[in-house]
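Only the coordinates and a few stated rules stand behind these numbers; no lab work does. Treat the numbers as computed from the prediction; the structure is a model and nothing was measured. Here the Cβ positions follow ideal geometry from the backbone for every residue, glycine too, while neighbour counts run over all protein chains shown.
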Amino acid sequence: MSNGIKPIPLLVYVISPLHVGTGRSSGVVDLPIQRDPFNYPIVYSSSFKGALKSHCSSLYDQAINDGRINCNKAPLCCCLFGPESGDDTGSGVVTVTDLIPLFVPVPSITHGYIYVTSKYLINRALDVLGLSDKDDLTALLTGMAGVEGGKVDVAGMTKPLMGPKSDTAKKALGAVAGLGKLTEKLNEGIVILDDAEGSEVLERSYIRVTRNKIDISKKVVEDRALWTEEYLPQGTVMFSMIIPSVPKENKYCGEKTCEGGCFNEKLKEYRGKVGKGNNWFYINLGGKETIGKGIVKVAFF
């Protein structure tokens with residue numbers, strides 16, 4: 001990227017089980033999570049971008065009315081992520097990529113749980129990272145070697161544990177491991193799965209909960225009111241990127257046309273507002289918010 005504007009990687013740490021769904025399914029799980037064509041979990045950019053915009057607007061007084069954002073009261077949000085539907089005053093100045101799982105905790109007989117990834121997921125992340133100059137995360141994903149004496153049971157298979165080789169990669173792993181208490185397990189090593197087994201092994205980590213609806217008057221389950229929901233487990237680490245999309249005409253940016261300097265200024269303002277002095281912030285992502293699901297930590301990397 002030119003003119004001093006650069007894409008910014010985001011790491012998302014799942015604090016409570018995450019359900020970003022696809023609607024009803026005729027399979028074993030009635031409400032499955034989103035998946036890509038290769039059966040790996042994903043959070044499509046429209047869902048993630050919407051959550052970022054909603055959280056941004058919640059930081060302004062009375063900016064949300066009947067589920068819609070009043071862009072005049074939250075102009076920063078509508079500058080970055082675009083105006084509301086029906087408002088033809090321009091488009092957002094950022095592109096938000098899909099959320100790709102990087103490291104997913106999977107049960108292990110020998111270690112309790114261990115973090116796994118796959119060659120496919122690593123390559124997906126590397127393709128997106130090619131847009132930025134973040135060499136530390138790239139060094140981590142491309143520079144792992146076997147941990148001495150490190151073997152682990154995953155899904156009935158014995159797998160080698162991998163760890164960072166270079167100082168740059170070690171620094172990046174330290175940053176990822178510092179996202180939360182569960183991610184400290186990354187310091188013990190990571191399992192990199194082959195593509196032939198990756199999505200199948202990850203299936204063992206998904207949480208599937210069967211729920212029902214009670215007829216209050218009869219104190220029994222209502223007819224046809226039994227369903228199963230699917231979640232990504234707490235502790236999952238996902239990756240996305242904020243990419244500049246300028247020049248753009250957007251009246252909420254305060255300039256007729258928002259270019260490089262305008263973008264940098266608005267992004268700095270956004271980071272200050274959501275982070276409040278930190279390099280991270282919390283949002284709700286996906287459904288089931290009222291039962292404590294979908295709490296995630298978003299970190300600028």
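With +1 on each Lys and Arg Cβ and -1 on each Asp and Glu Cβ, how big is the dipole of region 256-301 about its Cα centre, in debye rounded to the nearest 20? Walk me through the intermediate numbers first.
Working: 9 positive and 4 negative charges, 26 e Å.
Using Cβ point charges on Lys, Arg, Asp and Glu, region 256-301 gives about 120 debye.
Apply 1/(1 + (r/R0)^6) to the Cβ-Cβ distance of residue 256 and residue 282, taking R0 = 45 Å, and write down the FRET efficiency to the nearest 0.05. Write down the numbers at each step before the final one.
Working: r = 35 Å, r/R0 = 0.77.
With a Förster radius of 45 Å, E is 0.85.
Over the chain, what is the relative contact order in percent, taking alpha-carbon pairs closer than 8 angstrom and at least six residues apart?
Values: 607 pairs, mean separation 97.2, N = 301.
About 32 percent, as a whole number.
Just to be sure I understand the model, the point goes 7 Å from the Cα along the line to the Cβ. What's the resulting residue 134 to residue 60 distance in nm?
Here the answer is 2.7 nm between the modelled labels.
If you take the alpha carbon radius of gyration of region 163-301 and divide it by 2.2 N^0.38 Å, what ratio comes out, to two decimals?
Working: Rg = 21.5 Å, N = 139, 2.2 N^0.38 = 14.3 Å.
Working it through for region 163-301, the quotient is 1.50.
So what are the ³J(HN,Hα) numbers for region 150-164, from phi and the Karplus equation (6.51, -1.76, 1.60; θ = phi - 60°), rounded to whole Hz, Gly and Pro as x?
Once rounded to whole Hz, the list reads x, 10, 8, 8, 9, 6, x, 10, 8, 10, x, 8, 10, x, x.
Calculate, in nm to one decimal, what residue 151 and residue 87 gain on full extension: separation in residues at 0.36 nm each, minus their alpha carbon distance.
Values: separation 64, 0.36 × 64 = 23.04 nm, distance 5.62 nm.
Using 0.36 nm per residue and subtracting the Cα-Cα distance, I get 17.4 nm.
May I ask you to evaluate 6.51 cos²θ - 1.76 cosθ + 1.60, the Karplus curve with θ = phi - 60°, for each residue of region 189-199 and list the ³J(HN,Hα) values in order in whole Hz, giving x for glycine and proline?
3J(HN,Hα) across region 189-199, in whole Hz: x, 10, 9, 9, 8, 5, 4, 5, 10, x, 5.
In region 158-208, what trypsin sites (Lys or Arg not before Pro) fall in a loop by DSSP, with at most 11 other Cβ atoms inside 10 Å?
Values: sites: 165, 170, 171, 181, 185, 204, 208; in loops: 165, 181.
When the trypsin sites (Lys or Arg not before Pro) of region 158-208 are filtered for loop state and at most 11 Cβ neighbours within 10 Å, 181 remain.
Candidates (1) 5, 18, 23, 22, 15, 8, 4, 2, 1, 1, 0, 0; (2) 6, 25, 31, 23, 12, 3, 0; (3) 6, 23, 27, 20, 13, 8, 2, 0; which is the computed P(r) over Cα pairs in 10 Å bins from 0, in percent?
Given (1) 5, 18, 23, 22, 15, 8, 4, 2, 1, 1, 0, 0; (2) 6, 25, 31, 23, 12, 3, 0; (3) 6, 23, 27, 20, 13, 8, 2, 0, the calculated one carries the label (2).
How long is region 48-174 along each principal axis, judged by its Cα atoms, biggest number first, in Å?
59, 32, 23
Take 265, 230 and order them by how many other Cβ atoms sit within 10 Å, fewest up front. Let's see the in-between values first.
On the way: 265 14, 230 25.
Least crowded to most crowded, the residues run 265, 230.
If you place +1 on the Cβ of every Lys and Arg and -1 on the Cβ of every Asp and Glu, how big does the dipole about the Cα centre of the chain come out, in debye to the nearest 20? Spell out each step's value before the answer.
Details: 35 positive and 33 negative charges, 130 e Å.
Result for the chain is approximately 620 debye, rounded to the nearest 20.
Where does the chain land at 222 nm, in deg cm²/dmol rounded to the nearest 500, when only DSSP H runs of n ≥ 4 count, each adding -39500 (n - 2.57), divided by all residues?
Numbers: 7 runs with 75 residues, N = 301.
Calculated from helices alone, the mean residue ellipticity at 222 nm is -7500 deg cm²/dmol.
In percent, what relative contact order does region 1-155 have, based on Cα pairs under 8 Å that are 6 or more apart in sequence? The partial results should precede the final answer.
Numbers: 153 pairs, mean separation 28.0, N = 155.
Across region 1-155, relative contact order equals 18 percent.
Quick one: if you stick a label point 7 Å off each Cα along the C-beta vector at residue 119 and residue 44, how many nm between them?
Taking the two extended label points, one gets 2.9 nm.
Which of 216, 262, 177 sits closest to the plus end of the dipole of the chain, meaning its Cα is farthest towards the positive end, when Lys and Arg get +1 and Asp and Glu get -1 on the C-beta?
216
Within 14 Å, Cβ to Cβ, of residue 169, how many net charges do the neighbouring residues add up to if Lys/Arg are +1 and Asp/Glu are -1? Show your work: numbers first, answer last.
Numbers: positive: 134, 165, 170, 171; negative: 135, 136, 167.
Here the count lands on +1.
In which sequence would 148, 84 go, from the one with the fewest C-beta neighbours within 10 Å to the one with the most? All intermediate terms of the calculation are to be shown ahead of the outcome.
Details: 148 7, 84 15.
Starting with the residue having the fewest Cβ neighbours, the order is 148, 84.
Can you give the extra length, in nm with one decimal, that the chain gains between residue 195 and residue 290 once fully stretched, where that is 0.36 nm per residue apart less the Cα-Cα distance? Don't skip to the answer; put the middle values down first.
Details: separation 95, 0.36 × 95 = 34.20 nm, distance 3.61 nm.
In short, 30.6 nm is gained.
Simple spin-label model, 7 Å along Cα-to-Cβ: residue 22 to residue 219 in nm?
Taking the two extended label points, one gets 4.1 nm.
Under a point-charge model restricted to the Cβ atoms of Lys and Arg (+1) and Asp and Glu (-1), what is the dipole moment magnitude of region 224-279 relative to its Cα centre, in debye to the nearest 20? Don't skip to the answer; put the middle values down first.
On the way: 9 positive and 7 negative charges, 39 e Å.
I would put it at about 180 debye.
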